[in-house]
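First the structure, in the form of structure tokens, and then the observations on it.
The values are calculated or read from the model by the stated rules, or taken from the named source; none is laboratory data. On a predicted model such as this, the values are computed, not experimentally measured, just so you know. Every residue, glycine as well, gets a Cβ built from its backbone with ideal geometry; the counts of neighbours run over all protein chains shown.
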């Protein structure tokens, strides 16, 4: 065996141990010296050198303002006041009105026009010269028999006051029956026919889809108004618009009376 060769299983010599230790100390020292340089590369530089490859610091995100098409929510529409600018130009206008009756304490509550034909994507502005109305879909989510197309969400405005308006964009083709929820039973209902007279709302009142224990069809004067011959979806499409005055007087008669004290 060579005199310089260590037997198998023997420990290294003292000189070899010192060499290994010295090498480890050198690597440790080099690593420690490199840390500030690495940290300096990771930190944003104050130098204005345009050739720097460092990324600028992250900026806080901000909410971008909605575009016009996004301002009209598919469920809640858009509420405005008389002195505010609407997000888009309306394609059609509907007034929410009331009119006193002779010898009857309950006034006529109605949409004007009561029936309206539009195209998919058209925006309707509902104006309130009289108080407190809303615009509500005949949708199962609200407990009513479905009288809007299948894909339509349960859209509704809040209760609005005089001088306010509500805008809604009707995207889905078919018949959209609407109401003022506080005055529905007094006949304040309407029909917006979008493109064609199709969908559940094209059915006569009381027919398919049948009401369930959890839903009800248009009742009392609401049922009379939507059943008037002038309010058939095909007639609305042909006429373009149906006025409240086009309905027969018997279709407007009140079927509810005030509670006598």
Flagged in the range 196-231 as free of Cβ contacts under 8 Å to residues at least 24 places away in the same chain, surrounded by 15 or more Cβ atoms within 10 Å (Cβ to Cβ) and farther than 16 Å from residue 138 by Cα, in numbering order, are 228
Identify all residues within the range 239-252 that are assigned to a loop (DSSP other than H, G, I, E, B) and touching a strand residue (DSSP E or B) at 6+ places or on another chain (Cβ under 9 Å); write none if there are none. 240, 243, 247, 252
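Would you kindly identify the strands (runs of 3 or more DSSP E) lying entirely within the range 61-175 that contain at least 2 residues that are touching a strand residue (DSSP E or B) at 6+ places or on another chain (Cβ under 8 Å) and surrounded by 21 or more Cβ atoms within 10 Å (Cβ to Cβ)?
In the range 61-175, 92-101, 104-112, 115-118, 122-127, 164-170 are the strands (runs of 3 or more DSSP E) which contain 2 or more residues that are touching a strand residue (DSSP E or B) at 6+ places or on another chain (Cβ under 8 Å) and surrounded by 21 or more Cβ atoms within 10 Å (Cβ to Cβ).
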Apart from one, (1) under 25 Å from residue 132 (Cβ atoms); (2) out of contact with any helix residue (DSSP H, G or I) (no Cβ under 7 Å at 6 or more places or on another chain); (3) at pLDDT 95 or above; (4) part of a loop (DSSP other than H, G, I, E, B) all hold for residue 178; the odd one out is (4)
Can you name every residue in the range 181-208 that is under 24 Å from residue 98 (Cβ atoms), over 24 Å from the mean Cα position of the chain (by Cα) and not in a loop (DSSP other than H, G, I, E, B)? 183, 185, 186
In the range 209-219, is there at least one residue being modelled with pLDDT of 95 or more and either within 27 Å of the chain's Cα centre (by Cα) or in a strand (DSSP E or B) (or both)? yes
Determine which member of the set 103, 151 is more than 16 Å from the chain's Cα centre (by Cα), modelled with pLDDT under 95 and farther than 17 Å from residue 244 by Cα. 103
